[in-house]
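Asks: Handing you this structure, nothing more for now.
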Amino acid sequence: MRDDEMKILKQAIVVALMSAAVLGGCSNKDTMRWKEQVWLSDGRRIDVDRYSVALKSGFPNSTDGPPIYQEINYAPLAVHWSAKSGVKGVPEMLSFDIVDGNAYLVVVNEGLDDFCVGKPKGSYLMSVYRWRNGEMGEIDQHEAPIARMGVNLSGTGNWGFRHADRPVNYLSWDDIAYVTGQASSGPPKLLSNFYKKRKSYAVCK
């Protein structure tokens, strides 16, 4: 191999190695970890811990991509729940409440047709999880205090704050109200009202 060809080959190898190093140091994901203020049905306000991951798209300039992971924790009642993105996207956390010492989480994550198979007419498109004595279990929505629960979580709306001019490590009820289209004066709108406005695609017929 001639000297000039060897020189070109070496330069190409150096460029390739530098490109690999740059790309290896870049992530195609954004993460957010924050505390979120939750307005409970009994009027109390508590803080839960939230964590979320979303994709970034585009190169070399990253743009906002979809959420792919959601997590919620509430240590006093040993609450931990998480989910990754599936075929129909990442599950949306809608409501969290504490009633009679038990914690309840309402999540929306399925299409209506599949969900309603074997379900009574009028069932809401939701999955409900309960923590009792530190143990988590998925329960039928008719066993949960749905009638008193409200829309009090940001869901994936936290990503609306990713370009804020301040570090986003706490979302107050005012923030939650903003991303869910509610009045900051509260209280949170009831789940029954939420589903009433969406009965054509979120309530079993």
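Asks: Find out how many positive minus negative residues lie around ILE68, taking Lys and Arg as positive, Asp and Glu as negative, among other residues whose Cβ is under 9 Å from that of ILE68.
Replies: Numbers: positive: LYS29, LYS84; negative: none.
Neighbour charge sum, excluding ILE68 itself: +2.
Asks: Still on this model: For ARG148 and ASP114, what does the FRET efficiency come to when R0 = 30 Å and r is the distance between their Cβ atoms, rounded to the nearest 0.05?
Replies: According to the calculation, E is roughly 0.60.
Asks: Just to confirm a number: summing +1 for Lys and Arg and -1 for Asp and Glu over residues other than ALA144 whose beta-carbon lies under 12 angstrom from that of ALA144, what do you get? Intermediate results must be reported in sequence, preceding the final value.
Replies: Values: positive: ARG130, ARG132, ARG148; negative: ASP97, ASP100, GLU138, ASP140, GLU143.
Once all neighbours under 12 Å are counted, the net charge is -2.
Asks: Another question, then. A 30 angstrom limit on the alpha carbon distance is what I want to check against. Which of LYS35/LYS56; LYS84/LYS197; LYS29/LYS199; LYS84/LYS189 exceed it? Kindly include the intermediate steps, with their values, before the conclusion.
Replies: Working: LYS35/LYS56 23 Å; LYS84/LYS197 28 Å; LYS29/LYS199 35 Å; LYS84/LYS189 27 Å.
Result: LYS29/LYS199 exceed 30 Å.
Asks: Between ASN102 and VAL203, what length in nm is gained on full extension when 0.36 nm per residue of separation is reduced by their alpha carbon distance? Mind showing how you got there, number by number?
Replies: Details: separation 101, 0.36 × 101 = 36.36 nm, distance 2.57 nm.
Length gained, ASN102 through VAL203: 33.8 nm.
Asks: Next up: Would you tally the net charge around GLU36, using a Cβ to Cβ cut-off of less than 10 Å, leaving GLU36 out, and scoring K and R as +1, D and E as -1?
Replies: Working: positive: LYS35, ARG50; negative: ASP47, ASP49, ASP175.
Its environment carries a net charge of -1.
All of the numbers you see were taken from the coordinates with simple rules; none came from a lab. Because the structure is predicted, anything quoted here is derived from the model rather than measured. Because the Cβ atoms are built from the backbone with ideal geometry, glycine has one as well, and the counts that use them run over all protein chains shown.
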